[in-house]
1. Take the residues of the stretch 281-297 that are buried (at least 17 other Cβ atoms within 10 Å of the Cβ) and assigned to a loop (DSSP other than H, G, I, E, B): which is farthest from the chain's Cα centre (by Cα)?
2. Go through (1) surrounded by fewer than 21 Cβ atoms within 10 Å (Cβ to Cβ); (2) over 14 Å from the mean Cα position of the chain (by Cα) one by one and return the number of the condition ASN107 breaks.
3. Kindly indicate which of ALA93, ALA144, ALA83 is over 21 Å from ASP276 (Cβ atoms), under 14 Å from the mean Cα position of the chain (by Cα) and in contact (Cβ under 8 Å) with a residue 60 or more places away in the chain.
4. How do the pairs read when you match residues in the stretch 29-41 that are under 9 Å from HIS84 (Cα atoms) and assigned by TED's automatic domain parsing to the domain that holds ARG102 with residues anywhere that are charged (D, E, K, R) and surrounded by 10 or more Cβ atoms within 10 Å (Cβ to Cβ), using Cβ under 9 Å and keeping only pairs 6 or more apart or on different chains?
5. Among all residue pairs at least 6 apart or on different chains, which show Cβ distances below 8 Å where the first residue, located in the stretch 183-210, is without any contact (Cβ under 8 Å) to a residue 60 or more places away in the chain and the second is of a type in the set (S, T, N, Q)?
6. With the requirement that a residue be part of a strand (DSSP E or B), buried (at least 22 other Cβ atoms within 10 Å of the Cβ) and of a type in the set (Ser, Thr, Tyr), what does the stretch 298-318 give you?
7. Kindly establish whether ALA193 is of a type in the set (A, V, I, L, M) and in contact with a Cys (Cβ under 7 Å, 6 or more places away or on another chain).
Amino acid sequence: MTPAIRNVTFQPSEYQPRFNGGHLQTLFAWARRRHFPRLPEPEPRYFDVTPDARVLAHCHWHERPTAHPTLLLLHGLEGSSMAHYMGGISDKAWAAGWNVVRLNQRNCGHTEHLSRGLYHSGLTHDPLFVMRELIARDHLPEIAIAGYSLGGNLTLKLAGDLGDDAPAELTAVCAVSPTMDLARCVDALERRANYPYQWNFVRNLKARMRRKAAIFPGAFSLEPLGRIWTVRAFDETYTAPHHGFRDAADYYHRASALRVVDRIRVPALVLTAEDDPFVPADTFRDQALTANPQITVVVTPHGGHCAYVARDAVGYDGYWVEREIVRFVEARRATPRPGASVVRDVESC
């Protein structure tokens, strides 16, 4: 099945979905157990991103890390470094010779005790800090970033915020089902058919707030939780005021990668599906995205949200998008981008 391609600098391989239907793809990928026997046990590493915030990464290092490229991975809303897609892409990248850094957002992966504050969909400060430390302290010569859903928004926003000042070591970025227009995604999430997804997100967000309040007494009021039934209400009550946004609408506007994708100056791969339940495909036809020659946009008819389960074969588990990410970042290694490393602050609203 040939995907719609907005930029043909990278030709994706043929995608034959195991079955059609965005909900079926999404739920199957979420529920199916996966095992990665060739992937070594990860090594935990902590990054002190601010004086009151520490994030945990699970890392897979080859014997000589500086002799290998490194893939930095970012998970989605209420996910963690242990999400199945984080393991899947790590397994494929490791087999291709890449070091892998699976980063948890603040408080994710049972790390609520490491940070006083919360994370949000546009908090690029943390992956930017991690990338800089890997370059400056570990002397890693090549880094690519790949993110899923919320992590995809972070990936694209980080690249857009950096613009022409992206370090030479950053060779490529990839985003899978990115929520790069947050307002439209939240609107879609509120459709009746998407109630189970919304319920699951809100259930996890509420549970996290209860854990945060127990660890940091007095820092967060739990009184509003009983009135919160949507992601929008949670963001209006907690996320927006905690991070200094005027309200949820202001947060969605300022944290959306769509505002800055026209500034991306590193090779970027964006993959999404027409039948994604809550990431509208029309967003990916915006001229800010399609007119940027650095960005390859692939829109498949089927694939669901962060799923893309294809027919498997000998030596291939059928997780198509994971394979395409590795193909893309490998291809970008052959065409290094000129430039010099720089360290500057970027907008990380």
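The values are calculated or read from the model by the stated rules, or taken from the named source; none is laboratory data. Everything numeric here is computed off the predicted structure, so don't read it as measured data. Note: ideal-geometry Cβ built from the backbone for every residue, glycine included; neighbour counts use all protein chains shown.
1. ASN292
2. Going through (1) surrounded by fewer than 21 Cβ atoms within 10 Å (Cβ to Cβ); (2) over 14 Å from the mean Cα position of the chain (by Cα) one by one, ASN107 breaks only (1).
3. On the way: ALA93 fails: under 14 Å from the mean Cα position of the chain (by Cα); ALA83 fails: over 21 Å from ASP276 (Cβ atoms).
After applying the criteria, what remains is ALA144.
4. ARG34/ASP91; ARG34/ASP317
5. GLU190/GLN198; GLU190/THR230; GLN198/THR230; VAL202/THR230
6. Passing the criteria: only THR300.
7. Values: of a type in the set (A, V, I, L, M): yes; in contact with a Cys (Cβ under 7 Å, 6 or more places away or on another chain): no.
Criteria not met by ALA193.
Results for (1) at pLDDT 95 or above; (2) aromatic (Phe, Trp, Tyr); (3) buried (at least 16 other Cβ atoms within 10 Å of the Cβ), shown as yes or no for each residue.
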| site | (1), (2), (3) |
| --- | --- |
| SER256 | yes, no, yes |
| ARG263 | yes, no, yes |
| TRP320 | yes, yes, yes |
| ARG344 | no, no, no |
